[in-house]
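Inspection log for the structure reproduced underneath, given as structure tokens.
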Amino acid sequence: MSEMLSQAKHILASQPFSVLLAAEILNFSPGFVELRVPVRPELLQQHGFVHGGVLSYAADNALTFVGGSVLGPAVVTSEFKINYLKPAVGDVVIARAIVVHQGTTQSVCRCDVLVGTGNRETLCAVAQGTIARLSRGVDAG
């Protein structure tokens, strides 16, 4: 496992909400991240679809990690938007994010959110966000 992936897994494990969702980072390199959330009954909404908040969490966290891959680990989401394309039904949520543009203090990133069953994946949402480097003197936690 690369040092970068190991550090990302450590950061994810320090986020209580990510631990609650059993999220894990599968791939992490400069400009790319793949995050996974296993689907369980508590994450569904009343129609049996994965709750939009879970999809949004996956997109937001993947966007922030990929932004941090080029800006450094002291980053936060400045903004993001998500478009839900179809109901998410499956065993796992997969968020794959890339850096679209990198500046010195922020990066613009894009994320595909898929739901998987076996070896089949279906695109269910797309997101875009701006990730900002924390200013010096701001406590990153």
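The values are calculated or read from the model by the stated rules, or taken from the named source; none is laboratory data. Nothing here was measured: the structure is a model prediction, and the numbers come from that model. Here the Cβ positions follow ideal geometry from the backbone for every residue, glycine too, while neighbour counts run over all protein chains shown.
Within region 44-141, which strands (runs of 3 or more DSSP E) (wholly inside it) include 1 or more residues that are modelled with pLDDT of 95 or more, closer than 19 Å to GLN7 by Cα and charged (D, E, K, R)?
Working: elements: 75-84, 92-102, 106-117, 120-133.
Filter on region 44-141 gives 92-102, 120-133.
Farther than 20 Å from CYS109 by Cβ and either touching a residue at least 24 places away in the same chain (Cβ under 8 Å) or surrounded by fewer than 17 Cβ atoms within 10 Å (Cβ to Cβ) (or both): does that describe SER6? Walk me through it before giving the result.
Numbers: farther than 20 Å from CYS109 by Cβ: yes; either touching a residue at least 24 places away in the same chain (Cβ under 8 Å) or surrounded by fewer than 17 Cβ atoms within 10 Å (Cβ to Cβ) (or both): yes.
For SER6, the condition - farther than 20 Å from CYS109 by Cβ and either touching a residue at least 24 places away in the same chain (Cβ under 8 Å) or surrounded by fewer than 17 Cβ atoms within 10 Å (Cβ to Cβ) (or both) - is met.
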- prompt: Where residues in region 1-34 are hydroxyl-bearing (Ser, Thr, Tyr) and part of a helix (DSSP H, G or I), which of them is nearest to the chain's Cα centre (by Cα)?
  reply: SER18
task: Please specify each residue of region 42-80 satisfying the condition of being among the charged types (D, E, K, R) and under 14 Å from the mean Cα position of the chain (by Cα).
output: ASP60, GLU79
- prompt: How about region 93-109: which of its residues are of a type outside the set (S, T, N, Q), in contact (Cβ under 8 Å) with a residue 24 or more places away in the chain and buried (at least 16 other Cβ atoms within 10 Å of the Cβ)?
  reply: VAL93, ILE94, ALA95, ARG96, ALA97, VAL99, CYS109
- prompt: Are there any pairs with C-beta distances below 8 angstrom linking a residue in region 66-90 that is without any contact (Cβ under 8 Å) to a residue 60 or more places away in the chain to a residue that is aromatic (Phe, Trp, Tyr) and surrounded by 14 or more Cβ atoms within 10 Å (Cβ to Cβ), with the two at least 6 apart or on different chains, and if so which?
  reply: PRO87/PHE49; ALA88/PHE49; VAL89/PHE49
- prompt: Is one or more of the residues making up region 35-57 of a type in the set (S, T, N, Q), out of contact with any Leu (no Cβ under 7 Å at 6 or more places or on another chain), under 27 Å from VAL100 (Cα atoms) and loosely packed, with under 15 Cβ neighbours inside 10 Å?
  reply: no
